[in-house]
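Participant: Sharing a structure below in structure tokens format, with a few things to ask.
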Amino acid sequence: MLDFITWTADPAIFSIGSREIRWYGLAFAIGFWIGYSIVSRMWKNEKLPPAWIDSLLIYTMVGTVVGARLGHCLFYDPGYYLANPIEIFKVWEGGLASHGGTLGIVIAIYFYSRRITHKSMLWTFDKLVVPTGLVAAMIRLGNLMNHEIYGHPTDLPWGFRFIENLHAWKMGAEPIFTVPSHPTQLYEALCYLVTFGICMWLYFIKKEWKREGLIFGVFMICIFGSRIFIEFLKNNQEAFEDSMVLNMGQWLSIPFVLAGCWFVWRALTRKPNNYEELKIKK
């Protein structure tokens, strides 16, 4: 019986010159591609204009990347990045925050709704969040391949020993392993996959997209609720979090959970929408 798992995966799939092509980037791209396919099916299901989905992809990708990067820089180390603003643009060096990505998407959908669909933001979010759990799970698998965002030491048989000196190891040095630790990347990925399954069921089986905001609310509760609990097992990302009762990720998650509860209550206490087939203006 194994006492722990020694994780020696290389974060890079291959290199082109000095630039690495990493599993993280591939997982992110695959998640977006599958998500796009699922949303395309929704578009056909509701007979919506095809041009809307292309715009949605662009708005979502820009909002995710910009928001996640700014979130990491401003939530976790604002002093450094405000003193060195050029470092904010170095996305390839790592540093993305899911809460910042969420806020970035909210802002992007605001403009998308005003300029493209002229429908409520909730109308869009009820569709957008359905595949998002899958995308989030793929990103956490990318974190696993990067030997990052893992948890506290554990004596459970599925504890992972990650490589601490990853850069030196890739240059030929002997690996320095952590003590067996909680693979919180896998814990989060599993929770996000369950959330993905629930949202798919609500949309395609229960047809709950007619209750505006319900799917979005359930998504918020599941994603950020699980994040709050799993954070108790994770190592803090920054030193200043060590003195906090709850870490930054938990404090940032609480408003999203509360908002999700409100959206669910709002949807369940209102009469479901009876959408008519969209008439496209020519």
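The values are calculated or read from the model by the stated rules, or taken from the named source; none is laboratory data. This is a predicted model, so every value here is computed, not measured. Heads up, the Cβs are rebuilt from the backbone with ideal geometry, glycines too, and the neighbour counts pull from every protein chain shown. In case anyone asks, the SASA skips ligands and DNA or RNA and just uses the protein heavy atoms, side chains included. Shrake-Rupley method; radii C 1.70, N 1.55, O 1.52, S 1.80 Å.
Participant: Name the residues in region 165-187 that are surrounded by fewer than 20 Cβ atoms within 10 Å (Cβ to Cβ) and in a helix (DSSP H, G or I), would you?
Facilitator: 166, 167, 168, 169, 170, 186, 187
Participant: So which residues in region 4-53 are touching a Leu at 6+ places or on another chain (Cβ under 9 Å) and open to solvent by 70 Å² or more (accessible area, probe 1.4 Å), if there are any at all?
Facilitator: Once the filter is applied, which keeps residues that are touching a Leu at 6+ places or on another chain (Cβ under 9 Å) and open to solvent by 70 Å² or more (accessible area, probe 1.4 Å), region 4-53 yields 4, 23, 36, 47.
Participant: On to the next question. Quick one: residue 101 ticks every box in (1) farther than 20 Å from residue 149 by Cα; (2) under 16 Å from the mean Cα position of the chain (by Cα) except a single one, so which number is it?
Facilitator: (1)
Participant: Mind checking which residues of region 133-164 are open to solvent by 30 Å² or more (accessible area, probe 1.4 Å), out of contact with any Gly (no Cβ under 9 Å at 6 or more places or on another chain) and part of a loop (DSSP other than H, G, I, E, B)?
Facilitator: Residues satisfying the conditions are 149, 150, 152, 155, 156, 157, 158, 164.
Participant: Can we say residue 126 is crowded, with 19+ Cβ neighbours inside 10 Å, acidic (Asp, Glu) and at pLDDT 90 or above?
Facilitator: Working: crowded, with 19+ Cβ neighbours inside 10 Å: yes; acidic (Asp, Glu): yes; at pLDDT 90 or above: yes.
Yes: the conditions hold for residue 126.
Participant: Are any of the residues in region 233-254 hydroxyl-bearing (Ser, Thr, Tyr), modelled with pLDDT of 95 or more and either in a loop (DSSP other than H, G, I, E, B) or open to solvent by less than 60 Å² (accessible area, probe 1.4 Å) (or both)?
Facilitator: So far as region 233-254 goes, no, none of its residues is hydroxyl-bearing (Ser, Thr, Tyr), modelled with pLDDT of 95 or more and either in a loop (DSSP other than H, G, I, E, B) or open to solvent by less than 60 Å² (accessible area, probe 1.4 Å) (or both).
Participant: Confirm whether residue 267 is of a type in the set (A, V, I, L, M), closer than 30 Å to residue 44 by Cβ and either touching a residue at least 12 places away in the same chain (Cβ under 8 Å) or out of contact with any Phe, Trp or Tyr (no Cβ under 7 Å at 6 or more places or on another chain) (or both). Even if it seems obvious, please write down each step before you answer.
Facilitator: Details: of a type in the set (A, V, I, L, M): yes; closer than 30 Å to residue 44 by Cβ: yes; either touching a residue at least 12 places away in the same chain (Cβ under 8 Å) or out of contact with any Phe, Trp or Tyr (no Cβ under 7 Å at 6 or more places or on another chain) (or both): yes.
Taking the combined requirement at face value, the residue satisfies it.
Participant: What is the residue count in region 200-232 for residues that are in a helix (DSSP H, G or I) and closer than 20 Å to residue 103 by Cα?
Facilitator: Residues that pass the stated criteria total 16.
Participant: Which residue, of 116, 139, is in contact (Cβ under 8 Å) with a residue 60 or more places away in the chain and under 25 Å from residue 256 (Cα atoms)?
Facilitator: Residue meeting the stated conditions: 139.
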